[in-house]
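See below for the structure under consideration.
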Amino acid sequence: MEMLIRALTHSKLPLRTDLFPFATFPIQDGLLPGESGPGYILRMANKNHVGYYELLRHIDLYPYPYLTIDATSKIAPLFGVMPKGIMRVTAENYKIYGQCHTRLNGLVFKKPYLTRQRSPQICHLCLKESNYAQLAWDLTLYTACIAHKICLTDHCPSCNKPLTWARNNLSICKCGKPLFGDSVKSIPASESQLLVSRVISHKFVENVSCSISNTFLFQLFDSLSLDIFMRLVWSFGLHDQSKFSRRTQGKQIPKTNSTIYLINHSINRMNYILNQSTSASTKIDINQTSINDVLTDASHVEFQRIHYLLEKVSELEEPPKIFGTNTPKQLKLFGSE
């Protein structure tokens, strides 16, 4: 008996995933409408009682604390989803001429700070009600739940540490405490946050209507691609002396609270500019590098829309130019040529 106990104690017991003789896990399900790729993996792993790192070891992948498109495309078939379906809703990073791009849900984002592949954020009320991670939460400027009108969060309400995908349950932090409950406080979202989140939902998620009271801002935002829209909001939220601006130059993903401040600042500035009389000179510092990048990548229609807004700003040092297909066009500001 003692020999048997000693043998069991010192033997290398198999992982739970090694006990499945089949190519798939027993409990399977498809992607829910608007569900995040990494969120789907965590939801199904929990249903099959498999831990995050245990799942990665099962398919011989390095245990990163976030899920790459390679990881999700290999794991998804184990739960009954074809690789093509999961790849669409998982951030794919690649470079073009040395510049980082991200593809997500069929759209391309030309700045790495626009997506949150490694730093998930959640609406605790949505998790409580439906227990799945929404794809829109993977976008940096989506900071408000439009259903509950509260701010998203990117940290645990108990241990206050940043959330990661490396947890064994969508609704439970690595510290073992739930991410929702009666003790979790809801912070009301601002109108600026809800405006930006509604536009993102309208452009990013199918069958989502967009109702915005500010007529000109709606016309401006509705005419822009999602990439240009988010970069324009980002540019107006920054200014040249901002510490927040310098932090993001290193391609770091800002905390949700910092992004909320940026969005409120950006929309307030736009409204302030639009409410000035035509004869008034509006003094606002704008991050010129960021706005020039937006204008460079804007289409002709997008350029014209943004031009109207920039005509009211008098602190740009020189008129930004559009290169490439729009070379003949040059932005004319405040009588300068």
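Residue by residue through the range 96-119, note down the ones that are charged (D, E, K, R) and free of Cβ contacts under 8 Å to residues at least 60 places away in the same chain. Give the steps one after another, and end with the answer.
Taking the range 96-119 and keeping what is charged (D, E, K, R), we get 103, 110-111, 116, 118.
Of everything in the range 96-119, just one residue is charged (D, E, K, R) and free of Cβ contacts under 8 Å to residues at least 60 places away in the same chain, namely Arg103.
Within the bounds of the range 111-120, is there any residue that is surrounded by fewer than 19 Cβ atoms within 10 Å (Cβ to Cβ), modelled with pLDDT under 95 and closer than 23 Å to Ala298 by Cβ? Spell out how you get there, then give the answer.
Here is the first cut: in the range 111-120, the residues surrounded by fewer than 19 Cβ atoms within 10 Å (Cβ to Cβ) are 112, 118.
Retained after the next criterion (residues that are modelled with pLDDT under 95): 112, 118.
Right, trim to closer than 23 Å to Ala298 by Cβ and you get 112.
Yes, there is a match, as at least one residue in the range 111-120 is surrounded by fewer than 19 Cβ atoms within 10 Å (Cβ to Cβ), modelled with pLDDT under 95 and closer than 23 Å to Ala298 by Cβ.
For the range 180-200, indicate whether the set of residues that are over 24 Å from Tyr308 (Cβ atoms), modelled with pLDDT under 80 and under 20 Å from the mean Cα position of the chain (by Cα) is non-empty.
no
Condition check ((1) modelled with pLDDT under 90; (2) aliphatic (A, V, I, L, M)) across all residues:
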| position | (1), (2) |
| --- | --- |
| Phe20 | yes, no |
| Gln28 | no, no |
| Gly34 | no, no |
| Pro38 | no, no |
| Met44 | no, yes |
| Arg57 | yes, no |
| Ala76 | yes, yes |
| Met87 | no, yes |
| Asn93 | no, no |
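Given the conditions (1) assigned to a helix (DSSP H, G or I); (2) modelled with pLDDT under 90; (3) among the aliphatic types (A, V, I, L, M), and given that Val81 satisfies all but one, which numbered condition is not satisfied?
The number of the failed condition is (1).
Looking at the range 121-149 only, could you name the residues that are buried (at least 17 other Cβ atoms within 10 Å of the Cβ) and touching a Pro at 6+ places or on another chain (Cβ under 8 Å)?
Within the range 121-149, His124, Ala133, Trp137, Asp138, Thr140 meet the criteria.
Tell me which residues, restricted to the range 171-200, are within 19 Å of Gly39 (Cα to Cα), of a type in the set (Gly, Ala, Ser) and out of contact with any Leu (no Cβ under 6 Å at 6 or more places or on another chain).
Within the range 171-200, Gly176 is the sole residue that qualifies.
Scan the range 125-153 residue by residue and report those that are assigned to a loop (DSSP other than H, G, I, E, B) and of a type outside the set (A, V, I, L, M). Can you show your working first?
Just the residues of the range 125-153 that are assigned to a loop (DSSP other than H, G, I, E, B), to begin with: 131-133, 140-143, 146-149, 152.
Across the range 125-153, the qualifying residues are Asn131, Tyr132, Thr140, Tyr142, Thr143, His148, Lys149.
The values are calculated or read from the model by the stated rules, or taken from the named source; none is laboratory data. The model shown is predicted, which means the values in this text are computed figures rather than measured ones. Methodologically, a virtual Cβ is constructed for each residue, glycine included, from the backbone with ideal geometry; neighbour enumeration extends over all protein chains shown.
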